[in-house]
1. Among what's in the range 94-123 and is more than 20 Å from Lys134 (Cβ to Cβ) and buried (at least 16 other Cβ atoms within 10 Å of the Cβ), pick the residue that is nearest to the chain's Cα centre (by Cα).
2. Give me a count of the residues in the range 227-278 that are closer than 30 Å to Lys97 by Cα and of a type in the set (S, T, N, Q).
3. Can you say whether Gly243 is under 13 Å from the mean Cα position of the chain (by Cα) and either exposed (fewer than 13 other Cβ atoms within 10 Å of the Cβ) or at pLDDT 80 or above (or both), as far as the supplied structure shows?
4. Would you say Ile221 is over 30 Å from Leu92 (Cβ atoms) and touching a residue at least 40 places away in the same chain (Cβ under 8 Å)?
5. If you check Leu179, Leu189, Leu108, Leu159, which single one turns out to be in the same structural domain as Val96 (by TED's automatic domain parsing) and either closer than 21 Å to Pro213 by Cβ or in contact with a Phe, Trp or Tyr (Cβ under 6 Å, 6 or more places away or on another chain) (or both)?
6. Quick check on the range 151-175: of everything there that is aromatic (Phe, Trp, Tyr) and buried (at least 17 other Cβ atoms within 10 Å of the Cβ), which residue is farthest from Phe192 (Cα to Cα)?
7. Give all pairs with beta carbons closer than 8 Å in which a residue from the range 180-193 that is within 9 Å of Phe240 (Cα to Cα) and surrounded by fewer than 15 Cβ atoms within 10 Å (Cβ to Cβ) meets a residue that is among the hydroxyl-bearing types (Ser, Thr, Tyr) and modelled with pLDDT of 90 or more; count only pairs at least 6 apart in sequence or on separate chains.
Amino acid sequence: MTRRNKITIFSSIALAIIVILSIIVWAVSPAGQSTRENIPVIIYALIILASISSVFIVYFTKVRKNNYEKLLNKEYTETYQIIKDSISNSQLSRTVKREVIDDIVDLLLSAQKSGKFIGDVVGNPDDFTEDIFKSYAKPSHLAILSFFDSMIAFVLIILGASALIWFENTQQNFFAIELDISMTTFFVLVAFGLYPLTTRLTSTKNPWMFFIPLVAGVAFILSMELLRVISNDLKVVEQFLNGTIRMVPNVGIFVIYIISLPVLLLMKKLVRKRLLQS
């Protein structure tokens, strides 16, 4: 297992442990005890199961090699993994990704058999993948497709957060649920900033970029607490930290959220066909 694989697995395990410990701490804390009886045990179980499953998903999608990939030596494998991650995280269609990755494996196996140095074959792996993407679409076109992903992520986050709060007390009206303004702001930053940034940076040669989500979450919490200590007397800051907002205020908005998911997926598919060369 390469260093990149070890860091990838370690980061996924670390995130899973943090989520599981957070659930356990919440369940046994005084704040959690007041709402614990209202939340079905199955919800806790599903969150824990999802956290554990995420480690296996990372292994099977990022680490496990197929029969042809196992033929690459360590030097070729390290470079190949960078290229593969970049291709897999790109906006190319699933079919094109598979074809490109298969072609790259064939290229590397042929070069390895000829005794060539990996640097002479692909040069800088980041530049190598950029050249591949440019042969299919302009960078601006790929950014447009990434924006669709961000919108989908934001809708899912809002619906997911609202559902979790509702499960704390299922007797309350779902459409009366309010989210913290500060947390909603964080959701926006995650969907439209952190998510595309993480996708891009985890495709580079630096494997430590897999820790970006964890670092960003801790940094946001610390910055909010620091802001509370320093500037809580300011009305606008107090409103930002303590204010709430209803993101799903009625049935109509809820339906729009639900319908937007397949619509965004369909639009992305149509735009991809139009913007990307096949």
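The values are calculated or read from the model by the stated rules, or taken from the named source; none is laboratory data. Predicted model, so just to flag it, every value in this text is computed and none were measured. Here the Cβ is made from the backbone with ideal geometry for all residues, glycine too, and neighbour counts use every protein chain on show.
1. Val105
2. So the count comes out to 3.
3. Numbers: under 13 Å from the mean Cα position of the chain (by Cα): no; either exposed (fewer than 13 other Cβ atoms within 10 Å of the Cβ) or at pLDDT 80 or above (or both): yes.
So Gly243 does not fit the description; no.
4. no
5. Among Leu179, Leu189, Leu108, Leu159, only Leu108 is in the same structural domain as Val96 (by TED's automatic domain parsing) and either closer than 21 Å to Pro213 by Cβ or in contact with a Phe, Trp or Tyr (Cβ under 6 Å, 6 or more places away or on another chain) (or both).
6. Filtering the range 151-175 for residues aromatic (Phe, Trp, Tyr) gives 154, 166-167, 174-175.
Now narrow it down to the ones that are buried (at least 17 other Cβ atoms within 10 Å of the Cβ): 154, 166.
Working: Phe154: 8, Trp166: 25 Å.
The residue in question is Trp166.
7. Note: no pairs meet the criteria.
This table checks each residue for (1) modelled with pLDDT of 85 or more; (2) touching a Phe, Trp or Tyr at 6+ places or on another chain (Cβ under 7 Å); (3) aliphatic (A, V, I, L, M); (4) exposed (fewer than 13 other Cβ atoms within 10 Å of the Cβ).
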| site | (1), (2), (3), (4) |
| --- | --- |
| Val218 | no, no, yes, yes |
| Ser223 | yes, no, no, yes |
| Leu226 | yes, no, yes, yes |
| Ile230 | no, no, yes, yes |
| Val248 | yes, yes, yes, no |
| Tyr257 | yes, no, no, no |
| Pro262 | yes, no, no, yes |
| Leu276 | no, yes, yes, no |
